[in-house]
Amino acid sequence: AEYQARWAYQKMLDSDLMYDGCFFDNFFTSQSWLKADIHGKAVVLDADEDGKPDDPVWLDAAWREGVFAELALWRKLMPHAYATGHLPNPSTPELGGIFNGNSNLFWAANVLDGQRSFADFRSTLESWNTHGRAPVLNTIEASPHNQVAYGYGYDMQKSMPAATLGFARDFHRYMRFPLAVTL
């Protein structure tokens, strides 16, 4: 946790403070849910390296403590910098004490695909207005349908048919909606 906090701090210093904040990707407060890597290969979590799968309750508590320790130290080093990330939703006072806002991934496509309600999306955004560190900085990420955006693995240029890629690029509804919500 200390290494990561100091690494993020040093990256900002190395840029001569050109950036006014930091984006923390995948700020997960638990880890026991992880059962496979990005290729679908099963993984066994053994953070204490005792050769046995970790107790999920212990792992999640230790993981949570570590990620909050990381961000607490980063905040101490960079008290006035902006912080966003891919964060749990909705916001909580604990998250809002660290982060200015969330980068809302999947939400717009999920609303358009009928997997989430617009009211739920709006409530999530508004939770940051209540809890987020001032100034609140929410972003909304646009993408094509989840099946198109994430259904072709991590090498889409090779695995996605050209017609599907063309469809995704030209299906502007999935760009207009998140832009309108942002505005």
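Could you list, in sequence order, all residues of the range 6-16 that are under 23 Å from the mean Cα position of the chain (by Cα) and either hydrophobic (A, V, I, L, M, F, W, C) or open to solvent by 100 Å² or more (accessible area, probe 1.4 Å) (or both)? 6, 7, 8, 11, 12, listed by residue number. Considering 154, 174, 150, the condition of being open to solvent by less than 40 Å² (accessible area, probe 1.4 Å), under 30 Å from residue 83 (Cβ atoms) and out of contact with any strand residue (DSSP E or B) (no Cβ under 6 Å at 6 or more places or on another chain) is satisfied by 174 alone. Put simply, of 138, 100, 104, 129 the only residue that is closer than 30 Å to residue 13 by Cα and modelled with pLDDT of 95 or more is 100. Total residues in the range 73-87 satisfying the condition of being open to solvent by 40 Å² or more (accessible area, probe 1.4 Å) and under 18 Å from the mean Cα position of the chain (by Cα): the figure is 1. Residue under question is residue 45, and the condition is that it be open to solvent by 60 Å² or more (accessible area, probe 1.4 Å), free of Cβ contacts under 8 Å to residues at least 24 places away in the same chain, farther than 27 Å from residue 147 by Cβ and of a type in the set (A, V, I, L, M, F, W, C); does it hold? The answer is no for residue 45. The residues of the range 105-123 that are of a type in the set (Phe, Trp, Tyr) and within 20 Å of residue 84 (Cβ to Cβ), listed by number, are 106, 107, 121.
If I filter the range 154-167 for residues that are farther than 30 Å from residue 12 by Cα, touching a Pro at 6+ places or on another chain (Cβ under 6 Å) and not aromatic (Phe, Trp, Tyr), do I get at least one hit? The answer is no, given that none of the residues of the range 154-167 is farther than 30 Å from residue 12 by Cα, touching a Pro at 6+ places or on another chain (Cβ under 6 Å) and not aromatic (Phe, Trp, Tyr).
The values are calculated or read from the model by the stated rules, or taken from the named source; none is laboratory data. Please read all numbers here as calculations on a predicted model, not as lab measurements. Cβ: placed from backbone, ideal geometry, glycine included. Neighbour counts: every protein chain shown. Ligands, DNA and RNA are excluded from the accessible area calculation, which covers all protein heavy atoms including side chains. Shrake-Rupley method; radii C 1.70, N 1.55, O 1.52, S 1.80 Å.
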